[in-house]
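Asks: Right, I'll just put the structure down here and ask away after.
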């Protein structure tokens, strides 16, 4: 079963001014992670644009570390710090519970 992870980026103050030449490669790397089925959601913070969050679903944290190492925003200093946190998702419209756990869930009014 895959785990959920959140990758947090902190941006430099002049991020918006410096990102333009790096953006196509940054977006291409994110799209590759989406197409591989690893990157579920991503977006930059608004007002102020001082960071971003990426939601991954994958087996190994190394998948995310490899993404970070290849990201031009990180390599070129637009992201001076980042961190990865494991995320215990328990519900939501996109949540897919493990099949064993789902079969153990019963309606409290159903005596079976």
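The values are calculated or read from the model by the stated rules, or taken from the named source; none is laboratory data. This structure is a prediction, so every number in the text was calculated from the model and none was measured. Here the Cβ positions follow ideal geometry from the backbone for every residue, glycine too, while neighbour counts run over all protein chains shown.
Asks: Confirm whether residue 83 is exposed (fewer than 15 other Cβ atoms within 10 Å of the Cβ) and touching a strand residue (DSSP E or B) at 6+ places or on another chain (Cβ under 6 Å).
Replies: yes
Asks: Further question on the same structure: Restricted to the stretch 46-62, and to residues that are more than 16 Å from residue 10 (Cβ to Cβ) and touching a helix residue (DSSP H, G or I) at 6+ places or on another chain (Cβ under 8 Å), which residue is surrounded by the fewest Cβ atoms within 10 Å (Cβ to Cβ)?
Replies: My answer is 58.
Asks: Taking helices (runs of 4 or more DSSP H) that do not extend beyond the chain, which have at least 3 residues that are under 17 Å from the mean Cα position of the chain (by Cα) and modelled with pLDDT of 90 or more?
Replies: Per the criteria, 23-35, 61-70, 72-75.
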